[in-house]
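Below you'll find the structure, written out as structure tokens, and then a few comments.
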Amino acid sequence: MTHLISAADLAHEIEGVVVIDVRWTLTTGAAANPGRDDYERGHVPGAFFVDLDTELAAPPGEGGRHPLPDPAIVERALRRCGVSDSSRVVVYDGRESFAAARAWWVFRWVGLTDVRVLDGGYAAWQAADLPVSTQEPEPRDGGFRARPGAMPTTDATGAGAWPGSGLLLDARAAERYAGEVEPIDPVAGHIPGALNSPTASWLTREGRFRDDLAAHWREVADGHDGEPVAVYCGSGVTAAHHALALAELGIEATLYPGSWSEWVRDPSRPVATGR
């Protein structure tokens with residue numbers, strides 16, 4: 001079963017699915033998510049807006065910049081969108097599906113089973129010359145019940161030990177992995193033993209998932225593609241994108257939600273640099 005849906009297929013199925021817009025931009029101290037403004041300027045007709053920072057993550061703290069959210073908050077967000085336990089849900093963001101993958105992962109983590117991502121996001125919808133709307137639907141009263149724990153996770157201890165028995169993938173850009181630059185977190189580098197697999201390398205120039213995901217995965221795994229996989233990034237957002245790509249290949253990846261932003265909060269944890 002694919003976890004992705006094309007703009008054309010969504011247009012065909014739209015009456016039978018709940019569409020959720022999760023456009024989001026990484027900001028440092030901004031008062032609000034610019035994704036909400038983008039939503040108000042135009043969105044897929046009937047789409048509800050869910051905020052990544054407040055509804056798909058807990059407040060920043062010891063667990064990193066985007067800790068896992070309170071399941072009750074996710075439940076309320078989904079109910080507001082009219083979601084029940086049996087609903088079919090499609091999520092999208094602006095283009096590359098980074099935030100949409102986080103929504104896909106979180107919604108599945110709380111027990112929603114039928115969640116797909118609009119491949120190429122809102123940009124793909126517009127490129128297909130499909131209708132847009134500025135009307136926000138009225139809140140609904142869905143009956144979804146959160147049952148957290150349906151997706152595998154690991155903590156800092158588990159992530160640190162992972163390279164001893166499997167593949168630990170770092171989804172950040174190569175220069176951040178190498179410790180050459182670090183624009184967000186206080187320490188540069190990566191978890192020792194992790195392999196770098198930049199999120200952008202899984203995408204086409206149009207922001208869609210590559211057609212040759214299997215071949216790309218073999219290149220990334222470098223002969224270790226039968227080993228268990230865990231993924232992390234800066235704060236657990238783009239790592240979910242890796243989990244989505246691997247799910248398309250039938251591989252269940254374990255997410256380290258705290259990621260680098262949690263790892264470096266403890267100065268006793270080792271840090272590696274270099275490519």
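The values are calculated or read from the model by the stated rules, or taken from the named source; none is laboratory data. None of the values given here were measured: they were computed from a predicted structure. Ideal geometry is used to build each Cβ from the backbone, glycine not excepted, and the neighbour counts take in all protein chains shown.
Being out of contact with any helix residue (DSSP H, G or I) (no Cβ under 6 Å at 6 or more places or on another chain) and not basic (Lys, Arg) is a property that does not hold for His241.
What helices (runs of 4 or more DSSP H) completely inside the range 120-231 contain at least 1 residues that are within 27 Å of Ser86 (Cα to Cα)?
121-127
Just a yes or no: is a residue in the range 191-200 in contact with a Leu (Cβ under 6 Å, 6 or more places away or on another chain) and buried (at least 22 other Cβ atoms within 10 Å of the Cβ)? Yes, the range 191-200 has at least one match. Quick check: is even one residue across the range 41-63 polar (S, T, N, Q), closer than 24 Å to Ile184 by Cβ and assigned to a loop (DSSP other than H, G, I, E, B)? Checked the range 41-63: no residue is polar (S, T, N, Q), closer than 24 Å to Ile184 by Cβ and assigned to a loop (DSSP other than H, G, I, E, B).
I want to confirm something. Restricting to the range 104-156 and keeping residues that are of a type in the set (Ser, Thr, Tyr) and surrounded by fewer than 19 Cβ atoms within 10 Å (Cβ to Cβ), which single residue is nearest to Tyr39 (Cα to Cα)? The residue in question is Thr134. If only residues of the range 79-95 that are in contact with a helix residue (DSSP H, G or I) (Cβ under 7 Å, 6 or more places away or on another chain) and outside any strand (DSSP E or B) are counted, the one that is surrounded by the fewest Cβ atoms within 10 Å (Cβ to Cβ) is Arg88.
Within the set Pro137, Pro148, Pro163, the sole residue that is more than 23 Å from the chain's Cα centre (by Cα) and not assigned by TED's automatic domain parsing to the domain that holds Thr113 turns out to be Pro137.
So that you can scan it fast, the table gives a plain yes or no per residue for (1) of a type in the set (Lys, Arg); (2) crowded, with 19+ Cβ neighbours inside 10 Å; (3) farther than 26 Å from Glu62 by Cα; (4) at pLDDT below 95:
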{"site": "Leu203", "(1), (2), (3), (4)": "no, yes, yes, no"}
{"site": "Phe209", "(1), (2), (3), (4)": "no, yes, yes, no"}
{"site": "His224", "(1), (2), (3), (4)": "no, no, yes, yes"}
{"site": "Gly234", "(1), (2), (3), (4)": "no, yes, no, no"}
{"site": "Trp260", "(1), (2), (3), (4)": "no, yes, no, no"}
{"site": "Gly274", "(1), (2), (3), (4)": "no, no, yes, no"}
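Just the residues that are without any contact (Cβ under 8 Å) to a residue 40 or more places away in the chain, crowded, with 21+ Cβ neighbours inside 10 Å and within 23 Å of Thr254 (Cβ to Cβ), please, taken from the range 59-78. Listed by number, the list holds a single entry, Pro69.
Taking the numbered list (1) in contact with a helix residue (DSSP H, G or I) (Cβ under 8 Å, 6 or more places away or on another chain); (2) surrounded by fewer than 22 Cβ atoms within 10 Å (Cβ to Cβ) in turn, Ala178 passes all entries but (1). Could you tell me whether the range 5-21 includes any residue that is out of contact with any Cys (no Cβ under 7 Å at 6 or more places or on another chain), over 25 Å from Ala146 (Cα atoms) and either part of a loop (DSSP other than H, G, I, E, B) or among the basic types (Lys, Arg) (or both)? The answer is yes, given that some residue of the range 5-21 is out of contact with any Cys (no Cβ under 7 Å at 6 or more places or on another chain), over 25 Å from Ala146 (Cα atoms) and either part of a loop (DSSP other than H, G, I, E, B) or among the basic types (Lys, Arg) (or both).
No other residue among Ala239, Ala247 is touching a Cys at 6+ places or on another chain (Cβ under 7 Å) and either closer than 20 Å to Phe98 by Cβ or in a strand (DSSP E or B) (or both) apart from Ala239.
Each residue in the range 1-22 was checked for being within 17 Å of Pro137 (Cα to Cα) and touching a strand residue (DSSP E or B) at 6+ places or on another chain (Cβ under 9 Å), and 7 of them qualify. For Trp104, the criteria (1) within 19 Å of Gly16 (Cβ to Cβ); (2) touching a strand residue (DSSP E or B) at 6+ places or on another chain (Cβ under 9 Å); (3) not in a helix (DSSP H, G or I); (4) not β-branched (Val, Ile, Thr) hold in every case but one, which is (3).
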